[in-house]
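Here the structure comes first, spelled out in C-alpha coordinates, and everything after it is commentary.
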Amino acid sequence: MKTKVVHIGGVPIGGGHSIKIQSMTNTDTRDVAATVAQINALAAAGCEIVRVAVPDMEAAEAIVKIKQQISLPLVADIHFDYRLAIEAVRNGADKLRINPGNIGGEERVRQVALAAKANGLPIRVGVNGGSLEKDLLHKYGGVTAEALAESALANIAMLEKCGFNDIVVSVKASSVPLVIDSHKILAQRIDYPLHIGITEAGTPYHGAIRSAAGLGALLNLGLGDTIRVSLSGDPVQEIRAAREILQAMGLRRFGAKIIACPTCGRTEFDVSRIAESIEERLLHVEKPITVAVMGCVVNGPGEAREADVGVACGKGVAAIFRKGEILKKVTVDEAETAVLAEVEKLLM
(Lines give C-alpha, C1' and ligand atoms only; values in the text may rest on other atoms or scores of the structure.)
Protein backbone atom coordinates (compact mmCIF):
# COMPACT_ATOMS: atom_id res chain seq x y z
CA MET A 1 0.00 0.00 0.00
CA LYS A 2 1.48 3.34 -1.06
CA THR A 3 0.83 5.98 1.57
CA LYS A 4 1.53 9.68 1.81
CA VAL A 5 4.52 10.93 3.80
CA VAL A 6 4.04 12.39 7.27
CA HIS A 7 6.88 13.84 9.33
CA ILE A 8 7.04 13.34 13.10
CA GLY A 9 9.69 15.78 14.19
CA GLY A 10 12.47 14.97 11.76
CA VAL A 11 11.36 11.36 11.23
CA PRO A 12 9.42 10.56 8.04
CA ILE A 13 6.89 7.74 7.90
CA GLY A 14 4.94 6.49 4.89
CA GLY A 15 5.71 6.93 1.22
CA GLY A 16 8.11 4.00 1.09
CA HIS A 17 10.31 5.13 3.97
CA SER A 18 11.60 2.43 6.29
CA ILE A 19 9.08 1.21 8.85
CA LYS A 20 9.73 3.08 12.07
CA ILE A 21 9.65 1.57 15.57
CA GLN A 22 7.64 3.22 18.33
CA SER A 23 7.04 2.67 22.00
CA MET A 24 5.25 4.39 24.87
CA THR A 25 6.59 5.24 28.30
CA ASN A 26 4.93 3.74 31.36
CA THR A 27 6.31 6.35 33.75
CA ASP A 28 4.29 9.19 35.24
CA THR A 29 4.85 11.91 32.62
CA ARG A 30 4.80 14.50 35.40
CA ASP A 31 7.95 12.83 36.75
CA VAL A 32 10.30 14.41 34.24
CA ALA A 33 13.48 12.66 35.42
CA ALA A 34 11.95 9.18 35.30
CA THR A 35 10.31 9.81 31.94
CA VAL A 36 13.50 11.18 30.39
CA ALA A 37 15.51 8.22 31.71
CA GLN A 38 13.07 5.75 30.18
CA ILE A 39 12.93 7.58 26.85
CA ASN A 40 16.72 7.64 26.62
CA ALA A 41 16.83 3.91 27.43
CA LEU A 42 14.32 3.31 24.63
CA ALA A 43 16.41 5.39 22.24
CA ALA A 44 19.51 3.39 23.13
CA ALA A 45 17.59 0.18 22.37
CA GLY A 46 16.59 1.44 18.90
CA CYS A 47 13.27 3.22 19.44
CA GLU A 48 12.64 5.92 16.82
CA ILE A 49 9.44 7.60 18.04
CA VAL A 50 8.16 7.74 21.61
CA ARG A 51 4.72 8.47 23.07
CA VAL A 52 3.83 9.77 26.52
CA ALA A 53 0.50 9.86 28.30
CA VAL A 54 -0.92 13.33 28.97
CA PRO A 55 -3.73 12.82 31.51
CA ASP A 56 -3.72 16.36 32.92
CA MET A 57 -2.32 19.86 32.52
CA GLU A 58 0.73 19.16 34.68
CA ALA A 59 1.72 16.34 32.33
CA ALA A 60 1.19 18.60 29.30
CA GLU A 61 3.40 21.25 30.88
CA ALA A 62 6.12 18.67 31.58
CA ILE A 63 6.57 18.10 27.84
CA VAL A 64 8.73 21.19 27.42
CA LYS A 65 11.23 19.96 30.04
CA ILE A 66 11.20 16.42 28.66
CA LYS A 67 11.87 17.63 25.13
CA GLN A 68 14.98 19.48 26.28
CA GLN A 69 16.57 16.22 27.39
CA ILE A 70 15.70 13.70 24.67
CA SER A 71 16.53 13.14 21.01
CA LEU A 72 13.44 11.20 19.91
CA PRO A 73 10.30 12.78 18.40
CA LEU A 74 7.66 12.93 21.13
CA VAL A 75 3.99 12.05 20.69
CA ALA A 76 1.45 13.36 23.21
CA ASP A 77 -1.33 10.87 23.94
CA ILE A 78 -4.57 12.77 24.64
CA HIS A 79 -8.04 11.66 25.63
CA PHE A 80 -11.23 13.57 26.51
CA ASP A 81 -9.81 17.09 27.09
CA TYR A 82 -9.00 19.07 23.95
CA ARG A 83 -7.19 21.68 26.04
CA LEU A 84 -4.50 19.16 26.89
CA ALA A 85 -3.81 18.67 23.20
CA ILE A 86 -3.45 22.40 22.61
CA GLU A 87 -1.16 22.74 25.63
CA ALA A 88 0.96 19.81 24.44
CA VAL A 89 1.38 21.56 21.09
CA ARG A 90 2.48 24.75 22.84
CA ASN A 91 5.03 22.82 24.86
CA GLY A 92 6.79 21.21 21.91
CA ALA A 93 5.12 17.87 21.18
CA ASP A 94 5.97 16.56 17.71
CA LYS A 95 2.67 14.76 17.16
CA LEU A 96 -0.71 14.31 18.81
CA ARG A 97 -2.51 11.04 19.34
CA ILE A 98 -6.22 11.64 19.80
CA ASN A 99 -9.52 9.91 19.28
CA PRO A 100 -11.55 12.74 17.73
CA GLY A 101 -14.72 11.03 18.86
CA ASN A 102 -13.97 11.56 22.56
CA ILE A 103 -12.48 15.06 22.46
CA GLY A 104 -15.84 16.81 22.82
CA GLY A 105 -17.38 17.55 19.45
CA GLU A 106 -16.41 19.03 16.10
CA GLU A 107 -15.66 22.54 17.39
CA ARG A 108 -13.10 21.24 19.85
CA VAL A 109 -11.62 18.94 17.24
CA ARG A 110 -11.33 21.98 14.98
CA GLN A 111 -9.41 23.91 17.65
CA VAL A 112 -6.99 21.02 18.10
CA ALA A 113 -6.55 20.70 14.34
CA LEU A 114 -5.89 24.43 13.97
CA ALA A 115 -3.25 24.35 16.72
CA ALA A 116 -1.56 21.30 15.19
CA LYS A 117 -1.63 22.76 11.69
CA ALA A 118 -0.20 26.09 12.82
CA ASN A 119 2.75 24.29 14.39
CA GLY A 120 3.27 21.66 11.69
CA LEU A 121 2.23 18.69 13.82
CA PRO A 122 0.56 15.56 12.48
CA ILE A 123 -2.35 13.95 14.32
CA ARG A 124 -2.73 10.24 14.78
CA VAL A 125 -6.33 9.10 14.71
CA GLY A 126 -6.36 6.24 17.19
CA VAL A 127 -9.26 3.79 17.22
CA ASN A 128 -9.29 1.02 19.81
CA GLY A 129 -11.59 -1.98 20.13
CA GLY A 130 -11.96 -1.26 23.84
CA SER A 131 -13.35 2.24 23.36
CA LEU A 132 -15.46 1.96 20.24
CA GLU A 133 -18.40 4.37 19.96
CA LYS A 134 -21.67 3.05 21.40
CA ASP A 135 -23.65 3.67 18.23
CA LEU A 136 -21.24 1.51 16.24
CA LEU A 137 -21.35 -1.23 18.86
CA HIS A 138 -25.14 -1.20 18.51
CA LYS A 139 -25.05 -1.04 14.72
CA TYR A 140 -22.68 -3.99 14.30
CA GLY A 141 -23.61 -5.94 17.40
CA GLY A 142 -20.19 -5.60 18.96
CA VAL A 143 -16.60 -4.93 17.99
CA THR A 144 -16.14 -5.98 14.38
CA ALA A 145 -13.64 -5.15 11.66
CA GLU A 146 -16.31 -3.11 9.88
CA ALA A 147 -17.09 -1.16 13.05
CA LEU A 148 -13.42 -0.36 13.68
CA ALA A 149 -12.90 0.76 10.10
CA GLU A 150 -16.05 2.89 10.12
CA SER A 151 -14.95 4.58 13.34
CA ALA A 152 -11.55 5.41 11.84
CA LEU A 153 -13.08 6.75 8.63
CA ALA A 154 -15.56 8.93 10.54
CA ASN A 155 -12.79 10.40 12.69
CA ILE A 156 -10.61 11.02 9.65
CA ALA A 157 -13.53 12.79 7.99
CA MET A 158 -13.92 15.00 11.05
CA LEU A 159 -10.32 16.20 10.73
CA GLU A 160 -10.57 16.58 6.96
CA LYS A 161 -13.65 18.75 7.45
CA CYS A 162 -11.41 21.05 9.51
CA GLY A 163 -8.99 21.29 6.59
CA PHE A 164 -6.50 19.00 8.30
CA ASN A 165 -4.80 16.25 6.27
CA ASP A 166 -1.52 15.57 8.09
CA ILE A 167 -2.93 12.35 9.50
CA VAL A 168 -1.66 8.98 10.70
CA VAL A 169 -4.20 6.21 11.36
CA SER A 170 -4.19 3.34 13.83
CA VAL A 171 -6.85 0.73 14.44
CA LYS A 172 -6.05 -1.66 17.26
CA ALA A 173 -7.63 -4.52 19.14
CA SER A 174 -6.39 -7.50 21.11
CA SER A 175 -7.76 -9.89 18.48
CA VAL A 176 -5.25 -10.56 15.71
CA PRO A 177 -7.83 -11.51 13.02
CA LEU A 178 -9.91 -8.44 13.88
CA VAL A 179 -6.93 -6.12 13.40
CA ILE A 180 -5.96 -7.74 10.12
CA ASP A 181 -9.49 -7.59 8.69
CA SER A 182 -10.05 -3.96 9.70
CA HIS A 183 -6.82 -2.91 8.01
CA LYS A 184 -7.80 -4.69 4.81
CA ILE A 185 -10.93 -2.55 4.75
CA LEU A 186 -9.05 0.68 5.45
CA ALA A 187 -6.40 -0.05 2.83
CA GLN A 188 -9.10 0.22 0.17
CA ARG A 189 -10.29 3.60 1.42
CA ILE A 190 -7.36 5.76 2.56
CA ASP A 191 -3.76 6.58 1.72
CA TYR A 192 -2.71 7.91 5.12
CA PRO A 193 0.24 6.20 6.87
CA LEU A 194 -0.74 3.32 9.12
CA HIS A 195 0.51 2.85 12.67
CA ILE A 196 0.01 -0.86 13.30
CA GLY A 197 -0.02 -2.94 16.46
CA ILE A 198 -1.92 -5.47 18.53
CA THR A 199 -3.11 -3.66 21.63
CA GLU A 200 -3.18 -5.28 25.07
CA ALA A 201 -1.07 -8.04 23.54
CA GLY A 202 0.00 -9.26 26.97
CA THR A 203 3.13 -10.33 28.79
CA PRO A 204 6.48 -10.33 26.96
CA TYR A 205 6.24 -13.99 25.93
CA HIS A 206 2.61 -14.20 24.82
CA GLY A 207 2.45 -10.58 23.69
CA ALA A 208 5.46 -10.90 21.43
CA ILE A 209 3.96 -13.98 19.77
CA ARG A 210 0.57 -12.32 19.22
CA SER A 211 2.27 -9.20 17.90
CA ALA A 212 4.49 -11.18 15.56
CA ALA A 213 1.45 -13.03 14.18
CA GLY A 214 -0.57 -9.88 13.61
CA LEU A 215 2.15 -7.52 12.49
CA GLY A 216 3.78 -10.16 10.31
CA ALA A 217 0.50 -10.73 8.49
CA LEU A 218 -0.09 -7.02 7.95
CA LEU A 219 3.48 -6.34 6.85
CA ASN A 220 3.27 -9.24 4.41
CA LEU A 221 0.24 -7.52 2.87
CA GLY A 222 2.30 -4.34 2.47
CA LEU A 223 0.41 -2.59 5.27
CA GLY A 224 2.14 -0.61 7.99
CA ASP A 225 4.42 2.42 8.09
CA THR A 226 5.27 2.47 11.78
CA ILE A 227 4.81 -0.21 14.43
CA ARG A 228 4.49 -0.67 18.15
CA VAL A 229 4.69 -3.99 19.92
CA SER A 230 2.56 -3.51 23.05
CA LEU A 231 3.91 -5.54 25.96
CA SER A 232 3.27 -5.44 29.69
CA GLY A 233 6.36 -4.37 31.60
CA ASP A 234 9.58 -2.62 30.58
CA PRO A 235 8.94 -0.98 27.19
CA VAL A 236 12.53 -1.62 26.13
CA GLN A 237 11.38 -5.20 25.50
CA GLU A 238 8.99 -3.80 22.89
CA ILE A 239 11.89 -2.47 20.86
CA ARG A 240 13.74 -5.77 20.74
CA ALA A 241 10.54 -7.55 19.67
CA ALA A 242 9.74 -4.96 16.99
CA ARG A 243 13.24 -5.14 15.55
CA GLU A 244 13.06 -8.92 15.38
CA ILE A 245 9.69 -8.80 13.62
CA LEU A 246 10.93 -6.35 10.99
CA GLN A 247 14.13 -8.33 10.57
CA ALA A 248 12.26 -11.62 10.23
CA MET A 249 10.08 -10.08 7.51
CA GLY A 250 13.17 -8.92 5.62
CA LEU A 251 12.14 -5.28 5.94
CA ARG A 252 15.02 -3.95 8.05
CA ARG A 253 18.30 -5.19 9.46
CA PHE A 254 19.53 -4.43 12.97
CA GLY A 255 22.91 -5.58 14.20
CA ALA A 256 23.56 -9.25 14.89
CA LYS A 257 20.94 -11.84 13.93
CA ILE A 258 21.33 -15.14 15.71
CA ILE A 259 20.04 -18.32 14.10
CA ALA A 260 20.15 -21.60 16.00
CA CYS A 261 18.93 -25.11 15.34
CA PRO A 262 16.03 -26.47 17.40
CA THR A 263 18.27 -29.40 18.51
CA CYS A 264 17.64 -33.11 18.09
CA GLY A 265 19.04 -36.42 19.25
CA ARG A 266 22.31 -35.74 17.41
CA THR A 267 23.04 -32.60 19.45
CA GLU A 268 26.32 -32.90 21.33
CA PHE A 269 26.37 -29.57 23.21
CA ASP A 270 24.12 -26.98 24.85
CA VAL A 271 22.90 -25.08 21.79
CA SER A 272 20.42 -22.95 23.76
CA ARG A 273 22.95 -21.76 26.32
CA ILE A 274 25.62 -20.92 23.75
CA ALA A 275 23.16 -19.17 21.41
CA GLU A 276 21.67 -17.08 24.20
CA SER A 277 25.10 -16.15 25.53
CA ILE A 278 26.34 -15.08 22.09
CA GLU A 279 23.13 -13.12 21.51
CA GLU A 280 23.57 -11.19 24.76
CA ARG A 281 27.24 -10.49 24.08
CA LEU A 282 26.47 -9.11 20.63
CA LEU A 283 23.64 -6.77 21.62
CA HIS A 284 26.01 -3.82 21.16
CA VAL A 285 26.73 -4.69 17.53
CA GLU A 286 25.19 -2.31 15.00
CA LYS A 287 26.58 -3.81 11.80
CA PRO A 288 24.12 -6.27 10.21
CA ILE A 289 25.69 -9.72 10.59
CA THR A 290 24.30 -13.24 10.94
CA VAL A 291 25.70 -15.72 13.46
CA ALA A 292 24.64 -19.39 13.44
CA VAL A 293 24.80 -21.85 16.32
CA MET A 294 24.16 -25.37 15.06
CA GLY A 295 23.90 -28.56 17.08
CA CYS A 296 25.84 -31.00 14.91
CA VAL A 297 28.27 -31.19 12.01
CA VAL A 298 25.96 -33.33 9.86
CA ASN A 299 23.85 -30.50 8.43
CA GLY A 300 24.98 -27.51 10.50
CA PRO A 301 27.31 -25.72 8.07
CA GLY A 302 25.00 -26.38 5.14
CA GLU A 303 21.87 -25.21 6.93
CA ALA A 304 23.63 -22.01 7.96
CA ARG A 305 25.36 -21.46 4.62
CA GLU A 306 24.48 -17.77 4.50
CA ALA A 307 25.65 -17.03 8.04
CA ASP A 308 28.62 -14.70 8.30
CA VAL A 309 30.04 -16.76 11.16
CA GLY A 310 28.87 -19.90 12.87
CA VAL A 311 29.64 -22.97 14.89
CA ALA A 312 28.53 -26.59 14.55
CA CYS A 313 29.51 -29.09 17.22
CA GLY A 314 30.08 -32.81 17.08
CA LYS A 315 31.56 -35.21 19.64
CA GLY A 316 33.89 -32.92 21.56
CA VAL A 317 34.74 -30.92 18.44
CA ALA A 318 33.35 -27.59 17.27
CA ALA A 319 33.65 -26.54 13.65
CA ILE A 320 33.92 -22.78 13.17
CA PHE A 321 32.68 -21.74 9.75
CA ARG A 322 31.99 -18.73 7.57
CA LYS A 323 29.41 -18.75 4.78
CA GLY A 324 29.15 -22.53 5.10
CA GLU A 325 32.91 -23.11 4.74
CA ILE A 326 34.74 -24.58 7.75
CA LEU A 327 37.61 -22.35 8.91
CA LYS A 328 38.95 -24.44 11.76
CA LYS A 329 38.05 -26.86 14.52
CA VAL A 330 38.27 -26.19 18.24
CA THR A 331 37.09 -27.89 21.40
CA VAL A 332 33.46 -27.44 22.45
CA ASP A 333 34.62 -25.40 25.45
CA GLU A 334 36.41 -23.00 23.07
CA ALA A 335 33.48 -22.66 20.66
CA GLU A 336 31.85 -19.52 22.00
CA THR A 337 35.12 -17.62 22.30
CA ALA A 338 36.13 -18.69 18.79
CA VAL A 339 32.85 -17.49 17.28
CA LEU A 340 33.09 -14.12 19.04
CA ALA A 341 36.68 -13.73 17.82
CA GLU A 342 35.59 -14.25 14.22
CA VAL A 343 32.78 -11.74 14.69
CA GLU A 344 35.27 -9.18 15.99
CA LYS A 345 37.35 -9.65 12.84
CA LEU A 346 34.29 -8.84 10.73
CA LEU A 347 33.63 -5.70 12.74
CA MET A 348 37.13 -4.29 12.28
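Structure above, values below:
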read-out: Qualifying residue in the stretch 201-221 (condition: at pLDDT 95 or above, part of a loop (DSSP other than H, G, I, E, B) and open to solvent by less than 60 Å² (accessible area, probe 1.4 Å)); value: no
read-out: Complete set of residues in the stretch 36-64 that are more than 22 Å from S170 (Cβ to Cβ) and modelled with pLDDT of 95 or more; value: V36, A37, N40, A41, D56, M57, E58, E61, A62, V64
read-out: Residue check, G105 surrounded by fewer than 19 Cβ atoms within 10 Å (Cβ to Cβ), farther than 26 Å from E150 by Cα and at pLDDT below 95; value: no
read-out: Some residue of the stretch 130-139 being more than 16 Å from A152 (Cα to Cα) and modelled with pLDDT of 85 or more; value: yes
read-out: Condition met for G233 (of a type outside the set (V, I, T), surrounded by 15 or more Cβ atoms within 10 Å (Cβ to Cβ) and on the phi > 0 side of the Ramachandran plot); value: no
read-out: Number of positions in the stretch 26-42 that are over 12 Å from Q69 (Cα atoms) and open to solvent by less than 60 Å² (accessible area, probe 1.4 Å); value: 4
read-out: Residue within the stretch 6-13 that is among the hydrophobic types (A, V, I, L, M, F, W, C), under 30 Å from G222 (Cβ atoms) and in a loop (DSSP other than H, G, I, E, B) present; value: no
read-out: Condition check for R228: in contact with an Asp or Glu (Cβ under 7 Å, 6 or more places away or on another chain) and open to solvent by 30 Å² or more (accessible area, probe 1.4 Å); value: yes
read-out: Matching residues in the stretch 182-200 - criterion: being closer than 21 Å to D166 by Cα and open to solvent by 10 Å² or more (accessible area, probe 1.4 Å); value: I185, A187, Q188, R189, I190, D191, Y192
read-out: Condition check for G163: part of a loop (DSSP other than H, G, I, E, B), under 22 Å from V54 (Cα atoms) and either open to solvent by 50 Å² or more (accessible area, probe 1.4 Å) or among the small types (G, A, S) (or both); value: no
read-out: Residues located in the stretch 60-91, provided they are over 17 Å from M158 (Cβ atoms), surrounded by 17 or more Cβ atoms within 10 Å (Cβ to Cβ) and of a type in the set (G, A, S); value: A60, A62, A76, A88
read-out: Failed item in (1) out of contact with any strand residue (DSSP E or B) (no Cβ under 7 Å at 6 or more places or on another chain); (2) crowded, with 20+ Cβ neighbours inside 10 Å; (3) among the aliphatic types (A, V, I, L, M), with L96 passing the rest; value: (1)
read-out: Sole exception among (1) within 22 Å of K172 (Cβ to Cβ); (2) surrounded by fewer than 16 Cβ atoms within 10 Å (Cβ to Cβ); (3) out of contact with any helix residue (DSSP H, G or I) (no Cβ under 6 Å at 6 or more places or on another chain) for V5, by number; value: (1)
read-out: Hits in the stretch 183-196 (condition: touching a residue at least 40 places away in the same chain (Cβ under 8 Å) and either at positive phi or in a helix (DSSP H, G or I) (or both)); value: H183, I185, A187
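The values are calculated or read from the model by the stated rules, or taken from the named source; none is laboratory data. Because the structure is predicted, anything quoted here is derived from the model rather than measured. A quick note on method: Cβ atoms are made from the backbone with ideal geometry, for glycine too, and the neighbour counts reach across all protein chains shown. SASA here: full protein model, heavy atoms, side chains in, ligands and nucleic acids out. Shrake-Rupley method; radii C 1.70, N 1.55, O 1.52, S 1.80 Å.
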